[in-house]
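Undergrad: First the structure, which I've put down as structure tokens, then a few questions once you've had a look.
Any read-out appearing in this document is the output of simple, stated calculations on the displayed coordinates, not a laboratory observation. Remember, it's a predicted structure, so these values are computed and weren't measured experimentally. Here the Cβ is made from the backbone with ideal geometry for all residues, glycine too, and neighbour counts use every protein chain on show.
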Amino acid sequence: MKTKRYDCAPGCPVEATLDLIDGKWKGVILYHLQDGTLRFGELRKKLNAITQRMLTKQLRSLETSGLITRTVYAEVPPRVEYGLSAEGRRLQPVIEALRLWGEAYLARQSRETAEPRKRRARAA
């Protein structure tokens, strides 16, 4: 079965999707929110290489895009939770496909890196 290929001029479906999850962090944030809501600090721990400023920026962008929800609880100190919106949940199969592809890619890279070492060890 052939799938229809779209001309990927500005406004194409692939471009629209990638615009929503572009960058290093948005897809990873969406991945971590698949299991439920998380507070800012919990997200920051899961993405330990991200700066507070960048996490804030990415969360705002995802919220503006309608992919996540931000719930503020009137407590002292204030509690803020982030979760996937209905639109964000529709992206779960895409995020899962990226995860599976990434696992397979990393496994291939690991095998390819190990092969030259094995050959060198046998030759020695």
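Undergrad: How far apart, in nm, are the 7 Å Cα→Cβ label points at Asp19 and Phe40?
TA: Taking the two extended label points, one gets 2.8 nm.
Undergrad: Given H placed on each backbone N at 1.01 Å, which residues far from Arg39 in sequence or on other chains put an amide H within less than 5 Å of it?
TA: Amide H neighbours of Arg39: Tyr82.
Undergrad: Estimate the FRET efficiency between Arg60 and Glu112 by the formula 1/(1 + (r/R0)^6), using the beta-carbon distance for r and 25 Å for R0, to the nearest 0.05. Numbers along the way, then the final one.
TA: Working: r = 39 Å, r/R0 = 1.57.
Efficiency at R0 = 25 Å is approximately 0.05.
Undergrad: Just subtract the alpha-carbon distance of Val80 and Glu103 from 0.36 nm times their residue separation and send over the number in nm, one decimal.
TA: Extending this stretch completely gives an extra 5.1 nm.
Undergrad: For the range 13-123, what is the largest minus smallest coordinate of the Cα atoms on each principal axis, given in angstrom and ordered from greatest to least?
TA: Computed over the Cα atoms, the extents are 67, 36, 22 Å.
Undergrad: At what distance in nm do the modelled label points of Tyr73 and Thr51 sit from each other, each positioned 7 Å from its Cα along Cα→Cβ?
TA: Using points 7 Å along Cα→Cβ, the separation is 3.0 nm.
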